[in-house]
1. Across the stretch 183-211, what is the total count of residues that are β-branched (Val, Ile, Thr) and either closer than 14 Å to ILE140 by Cβ or part of a strand (DSSP E or B) (or both)?
2. Could you identify the single residue in ALA51, ALA69, ALA57 that is without any contact (Cβ under 8 Å) to a residue 40 or more places away in the chain and over 30 Å from MET1 (Cα atoms)?
3. Return yes when GLY58 is closer than 12 Å to LEU33 by Cβ, surrounded by fewer than 16 Cβ atoms within 10 Å (Cβ to Cβ), modelled with pLDDT of 95 or more and in contact with a strand residue (DSSP E or B) (Cβ under 6 Å, 6 or more places away or on another chain) and no when it is not.
4. State which residue pairs qualify: first residue more than 17 Å from ALA38 (Cα to Cα) and modelled with pLDDT of 95 or more and inside the stretch 8-24, second residue among the hydroxyl-bearing types (Ser, Thr, Tyr) and buried (at least 16 other Cβ atoms within 10 Å of the Cβ) in any location, beta carbons under 7 Å apart, and separation of 6 or more residues or different chains.
5. Specify which of the listed residues (LYS184, LYS147) is of a type outside the set (Gly, Ala, Ser) and without any contact (Cβ under 8 Å) to a residue 12 or more places away in the chain.
6. Please report, ordered by residue number, the helices (runs of 4 or more DSSP H) entirely within the stretch 1-79 with at least 2 residues that are more than 25 Å from LEU137 (Cα to Cα) and acidic (Asp, Glu).
7. Under 9 Å between Cβ atoms, which residue pairs at least 6 apart in sequence (or on different chains) link something in the stretch 235-259 that is buried (at least 24 other Cβ atoms within 10 Å of the Cβ) with a partner that is of a type in the set (S, T, N, Q) and assigned to a helix (DSSP H, G or I)?
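The values are calculated or read from the model by the stated rules, or taken from the named source; none is laboratory data. What you see is a predicted model, and the numbers here were worked out from it, not measured in a lab. Here the Cβ is made from the backbone with ideal geometry for all residues, glycine too, and neighbour counts use every protein chain on show.
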Amino acid sequence: MFQNLNCGAIGQKAGFEEQVALAREFGFGGVDLDLGYAKEKGAAHTRKLLADHGLKAGSFGFGIAFREADTEKAWAQSMGRLAQDCEIAAEIGCTRCATWVPSWSTIYSFRQSLERFVERIKPAAAICESYGISVGLEFIGPHTLRKGKPYGFLHTMDGMRAACAFIGENAGLLLDCWHWHTAKSTVTDLEQLDKSDVVYVHLNDAPKSPATDELLDNIRELPAATGVIDIAGFLKALKKIGYDGPVTVEPFNQKVREMNVRDAVKATKDALDKAYAQAGL
C-alpha cells in the first residue's frame, strides 16, 4: 500500500499540478486523479506528469447519481459520462474509483434502499469492470448520522461487503478506519477480508471524547494523533491481507483546514509516517 495525497480530503484547495508537486516534495507515493484536468490536458500529458514525479494515480471519483435526492434523469446522465471517465482513467493507469454511501434514508425502507442502490450501481460497476477499474463503496459508521432518521441503511463493513456481492466482482470497500471504528469492527474482522474486498483506504483518528456512539462525523483528528482508533492494528491487518492500494488521510479537522496548503500537506505526511511507524511499516 502506498501513501496517497488528496488535498480536498484534508480541507485544502490546490490545482492538480500543485498537488502533484507537493506529493513529490513530501514523499507521497501517489495522488488522486483530477478528471477535469485529465480531460483538458489529455491522458498522455497527465500520465507523463505523474511518471515524471514518480507518482501513482490513486483513484478518481465515482460520479454516479444514486442517492435518494438523485432523479432517474440524473442517474442516466451520470451513466452516460462514466465510460468517458473510465476510458481516460484507464489510459492514465488509474484502476480505482470510489464514493461514499449514505447510511440512512428519509424516504426509502432498508429493502427499498438496497434494491435501488444495487439497481443503480450494478450497471455502473459493469462499465468500470470493462475498463479494468474497481469500485470502492464507503459505508458510513457513526450512530449520530442515523439517529433520528426514519430509515437506516448500510453502515457496517459486512453489510457493504454483502451489497458488493450483488453488484459485481470489481465492487469492494472504500475502507475508512473512522467508519470501521464507529461501526465497532475489529482487527479480526479486517483479517478475514480478501485483498479484493478493499479498493481504497482512508486514515484518520478520533477525538478522545465523546464516546464512540456520540462521535460526530465531521470532527476528527489526523492519523495517530490521539490513539483512540487502533490505527496500527488497522494497517497491520491491511498488510496481512495483501492490500496494495492508496492510503489517504481524511481528517475533517479545523486546525488542518486553517493551515496553508503546504503546511497542511506536511502535517498530513508527518501523521501518516507516525501511523506507519506504529504499525511497523
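1. The qualifying residues number 3.
2. ALA69
3. no
4. Sorted first by the residue in the stretch 8-24, then by its partner, the pairs are ALA9/THR248; ILE10/THR268.
5. Step by step, each of LYS184, LYS147 is checked, and only LYS147 is of a type outside the set (Gly, Ala, Ser) and without any contact (Cβ under 8 Å) to a residue 12 or more places away in the chain.
6. 16-26
7. Close Cβ pairs (under 9 Å, with a partner that is of a type in the set (S, T, N, Q) and assigned to a helix (DSSP H, G or I)) amount to LEU235/GLN278; VAL249/THR268; PRO251/THR268.
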